[in-house]
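J.: Take this structure, written in structure tokens, and hold onto it; I'll ask about it next.
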Amino acid sequence: MFPLNLQDGSNHADEGYVQQEQSQEFIATYDNSDTSVDRTIPSESVTEPAAESAKSSYVANKNTKKFHYPSCNSVSKMNEKNKLYFEGTRDELINQGYEPCKNCRP
């Protein structure tokens, strides 16, 4: 692994660089001398983006194992007996074996 230069984004090894054993924790800090914003990344875990972990309404097709936003055109073409109305997160549906629709891209 090469060190990442946080100022210019490069990630090449410096001359004489020796990789050291890494711990399980990752804490990145920035020079906050010109701002009052704390930009420290917590060491416990990095959270998912809000869009991925937020609860939403979906309509899943029990037959095709695809899920859609309720406004997707594919929902109107779906047989009512195959519809599964779901309130929860996108990841919950994926964990249940459903795939996101390629039209509405939920």
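J.: Which Cα, out of SER76, TYR58, GLY97, lies furthest along the positive dipole direction of segment 52-100 (beta carbon charges, K/R +1, D/E -1)?
T.: Value: SER76.
J.: Continuing with the same structure: Restricting to segment 52-100, compute how many DSSP beta bridges are antiparallel as a %, nearest 5. Can you show the working numbers first?
T.: Working: 9 of 11 bridges.
Antiparallel: roughly 80 percent of the beta bridges in segment 52-100.
Every number here is computed from the coordinates shown, using simple stated rules; none is lab data. Everything numeric in this text was worked out from a predicted model, so none of it was measured. Positions of Cβ are generated from backbone atoms using ideal geometry, with glycine treated the same way; all protein chains shown enter the neighbour counts.
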